[in-house]
Amino acid sequence: ARNRRSISMSNNQAIEARTKAILREKDSHIAQLQKEVAALTNKLAKQHKLLQNYNANGNAVSHSSSSSGGGVINHTPKRRHQLSPFGNVVHSSSDSDYGTLKHERSRMGRNASIATANELNTLYYKEETRHNSNKEIVHRILEMFQDPKSHISYLRSMDFAKDILRLSKKIKAILVSEPRVAFVQYYVFGDIHGNLEDLHFFSDNVWRLGMALTAGNFVFLGDYVDRGMSCLECIAYLFSMKLLLPHKVFLLRGNHETRDVNGWEEHYGERSFLWQCRQRFGDDIGFKVWNTINDAFDRMPLASVIDQDIFCVHGGIPRPVTANEDGTYGSRVQDIMNVPRVAGINPPLEFEDEKHQQVASDCIWSDPASEEQELKSVDPESGYGESLRGGGAICFGHKAVKDFLSQHGFSYIMRAHEAHADGVAVSKGGKVFTIFSTSKDHNQGREAMAGCILVDFENLQVINRSPAYKNVYVHRRDSVSIAKLSEQEIEDRTRLGLITESTSHDNGDDSEEEETWESYDEDEESSEDEHYTFSGRKSSVDPTHCISSPPGHGMGGSFDFSNVTSNRNKSQRDLQRISEDDEDTLLDDDSMDL
């Protein structure tokens, strides 16, 4: 009888926890709808004010209506973003006593299709003429700025005065044409994959004074962990920036921000995020760190829109899952917004329906179709086909891109997910940008670059790290830069991923790790915490049957870690009950001091 009562109480607790989870999800959905109502109310008020101004002054109101996709009329003039045929490659320079930086422009689209190359060529001559007219004077000023000590005679000469006068006249024409209210700019970054060196490059050069003092916002497109050896450092830094600047830093979700992928130790070995958590902190605490970070991943947004013109996502555009009364497809952006606020994706949680789980999977897993796929496997009606990755992933072709952009009134799609040696690649007639912000761990060779895109008012600027850029933070085991370090210092840096190509791992520190963490209370969670339960059904995409990247698609071959094995047995992972931490946890005494 006692056992029956115990089983009955346990079942009641499980039912109660599930009910709380469902009610919490419903409350989140209601809150989201309330926000949408408030936004539409504000928009209606603005449109009413515009109409009053129109009646009073006779000024025309700019209209921008969506196509047959069923979108709403937008009275806000949409900004157009001009595509540039050039990228900027950053180099370090040792010409002076200062750690100066130099950059040079290079043509984009070296490996682009004929259609994309033709689109870029139409922009080349106009921009090159404008660039050359200002090149010499800007070059002199920048040379002086980087090393004033070597340019004292120039600073005291009439040449400097003439340059200032010329600059002032050129700038006057620019300033007078600008509106009095400036629009913000955005930096867009692709995969990071635990690459601390390339993340430091962007920190040192893109937000050199810190993100808080750098103009513009920052959008990261996902895949922050796995493959690289500094996953914990990278995600800790990005989370800290998000906590410090919640309205300036935006972290989207990639396919590696799912448990099925970043917990796949058998495939990635020591490059698995779960393996690195356990190796750093021990099995128990390491699993807790991994699981808690994944709780945050479950809540990451899937997409963002810049200036109502640029759609940003990790993988690609989702297939439509809703239809309007007239038979046309509903808004894909709305489909994404209808994905539950908390979503496991791989594996799905119990309240994730298959329809919206497919939408989420498409966002983090899909790729643009290759030219061969366009001819052979892409459905001419829908514009979608099966991805070369396999495992249920899909690809999107020219028609899918055209329909999506037309339906929502967008001009470009910015996504990540695929390794490219050039850092940034352009496809689909110059409408799709693939951004890859790590130059390592993807079999792209020693000349691979890490790139990002600056959306600067109406211009798109590509910024790449040159392969010749000096390595500052991460060194090989045989580098002369670490010759003066002791064996213990080398070992410590190797464990943190700051020294690579080390074949030895010290497995004799388990007792020290246990001693370090013995005062940690593993049962500090309240028994009243709500829990989410995984559904147990298969995901739309099965990561265990996907290859790392489509073969022959901007790749030097897929990078396979399947032969890498962990030097520890995989811990037993209980994925049935995932705790949802209270927001106050971020503000307790153990939180990071920012």
Taking every alpha carbon pair in segment 330-392 and sorting the distances into 5 angstrom bins from 0 up to the bin holding the longest one, the percent per bin comes out as 4, 16, 24, 20, 17, 13, 6, 1
Peptide ranges 280-291, 261-272 listed from the most packed, as the mean C-beta count within 10 angstrom indicates | 261-272, 280-291
Inter-label distance for residue 51 and residue 150, nm, one decimal - labels placed 7 Å from Cα along Cα-to-Cβ = 6.4
Taking 187-194, 370-377, 303-310, 423-430 and ranking on average Cβ neighbours within 10 Å, highest first, one gets 187-194, 423-430, 303-310, 370-377
For segment 239-386, evaluate the Debye formula with one uniform point scatterer on each Cα (no solvent term) and list log10 I(q)/I(0) at q = 0.15 Å⁻¹, rounded to two decimals.
-> -0.91
How do 409-421, 445-457 rank on mean C-beta neighbours within 10 Å, highest first?
-> 409-421, 445-457
With the other protein chains left in place, how much accessible area per residue, in square angstrom, belongs to segment 331-483 at a 1.4 angstrom probe?
-> 37
Based on the alpha-carbon gyration tensor of segment 214-277, what equivalent-ellipsoid semi-axes (square roots of 5 times the eigenvalues) come out, in whole Å, largest first?
-> 25, 11, 8
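The values are calculated or read from the model by the stated rules, or taken from the named source; none is laboratory data. Model, not experiment: these values are computed from the prediction. A quick note on method: Cβ atoms are made from the backbone with ideal geometry, for glycine too, and the neighbour counts reach across all protein chains shown. Ligands, DNA and RNA are excluded from the accessible area calculation, which covers all protein heavy atoms including side chains. Shrake-Rupley method; radii C 1.70, N 1.55, O 1.52, S 1.80 Å.
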